[in-house]
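Have a look at the structure below before the remarks.
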Amino acid sequence: MKKGENTNLSGNDNTKEERMTSRNPEIKADTSGFSSIATDSGNDTETEDVSTSIHIDTMDEYDLDLDWDVFHEVLKQQVNDELSVSEEEDRKLKKNRILKRSFAIAGITLGVLCLFVVFLVGTKPGRRMIYRIAGDYIHDRVDQTDNTMEEEGDSFAVSGGINDSYSKNAFDYTNKTDTEENTSESVIIPRQEDYVSTFLVFGIEEIGGAKNTDAILLASINTRDKTIKLTSLLRDTLVNVPGYTPRKLNAVYAKGGASLLTTTIEQNYRIKIDGYASIDFEDFEAVIDFLGGVSIELGEKEANYLNRKNYISNPAYRNVVPGWNNLNGNQALGYCRVRKVPTLGGSNDDYGRTLRQRRVMTAVFNKYKNKNVFDLLSITTKCLGYVKTNVTQAQIEGVLEDIVENKITTMETMRIPVNGMFDELDEYNGVSSPLVLEWENNINELYQFIFLDEKNEQEKNIVTNKN
């Protein structure tokens, strides 16, 4: 090693010495000795080894002044910090595992619910479950009647309810006493088809203790052309009544209630009635009010007449105007009862009145079908208690299925008798001002409307069996 290099080494040792001295002044004398030994040596390698050996081996001899309490505290804090970080990470991991498990459970539950909803809505068996629930709900809230029980009215009741065929001559208007039974040799089988369900709907007016049916309609659900067909039966139509003399159709209910009225319509109009629903006029008002009124267009003569007369029983509501009106229950009922002024379009008398009734029923149908599900549930719950019916739960389910599955949203209307197919007489066999129908022609028209018969098919579908 050159001298210059040795000097540099010595300088380095001096620097180390200074650093050691600055830390602990007591070791200054000893370190200077180390430096002189390194300087006097002539062997570079030996000097370097000795210097290094002395530095390492003598470390234990130096009493470094360390604060062990502080050291322990620092070490303890570091350990605690490490443990704290570890515990926090454990908590986060546990929380993440819980969240993942919760999301998994929620996802599985949502998936099952989605599949269930798809099953209920997207499959026919699923929708039938909905119809069954809805049918049960509706059935429990309407006023049910027992077909086997005698209806209110006179003592006459038809045995077997509405499902039997009855002996009668539908067109025998010969004079009989009021208690003489009207029978003959022929049996008329009411027509029915698997694509049509027909229900009798009528409104009852009680005046002076009398119970007359001034609104009588057939509501037919046709799944072939996907429509609801509403047929008005004029109340003054002369009909044969089992067990009684011929009389006007609106007087039948007072004699034998809904059962006799249903049977009479089956016999005379030759159409199968699957059930009936009735409502009295006061309850009709409430139903219209629950719907929030109905939109009806009035002619000028109609509006003026309704404001002048007492058909609208509450004077405060006699404020209708020509054109479109949102009629409340009291106004709508008054409108349905008017017959002495032409309708918008020119129909008068009972023809005009039944046209008004069909217009209100159509407005109710349109208002009802445009409600959302929650409004429908609320309105249905309120209205069903006013309806008296013999329709079974199974029939209600069937009607719901027919309407929903076939997406039926259209209503068509007509009336019987058809123009030109009846005589309006002042008196007939003791009955004042009856409508005497050409029954065969009117039934042909009825079959064409409800069953979609072609004209050449109508007559063969009028079935009369002889005993």
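Laboratory data are not the source of any read-out in this text; all were calculated from the coordinates shown. Since the structure is predicted, the reported quantities are computational estimates derived from the model, not experimental observations. Cβ: placed from backbone, ideal geometry, glycine included. Neighbour counts: every protein chain shown.
A few points about this structure:
- Segment Thr409-Ser102, extension gain: residue separation times 0.36 nm, minus the distance between their alpha carbons: 106.1 nm
- Neighbourhood net charge (13 Å Cβ-Cβ; Lys/Arg +1, Asp/Glu -1) for Gly126: +2
- Based on C-alpha pairs under 8 angstrom that are at least 6 apart in sequence, the stretch 300-442 has a relative contact order of 12 percent.
- Cβ-based net charge around Leu384, under 13 Å, with every Lys or Arg adding one and every Asp or Glu removing one: -1
- Net charge of Cβ neighbours under 12 Å - reference Gly329; Lys, Arg +1; Asp, Glu -1: -4
- The alpha carbon centroids of the stretch 224-299 and the stretch 362-397 are separated by 18 Å.
- Calculated FRET efficiency for the pair Lys92/Trp68, C-beta based, R₀ 25 Å, to 0.05: 0.10
- Stretchable slack from Asn429 to Lys226, in nm (0.36 nm times residue separation minus alpha-carbon distance): 68.8 nm
- Given Lys226/Lys382; Lys124/Lys226; Lys229/Lys340, the pairs whose alpha carbons are separated by over 24 Å: Lys226/Lys382; Lys229/Lys340
- Put simply, when 128-137, 417-426 are sorted by average Cβ atoms within 10 angstrom per residue, most first, you get 128-137, 417-426.
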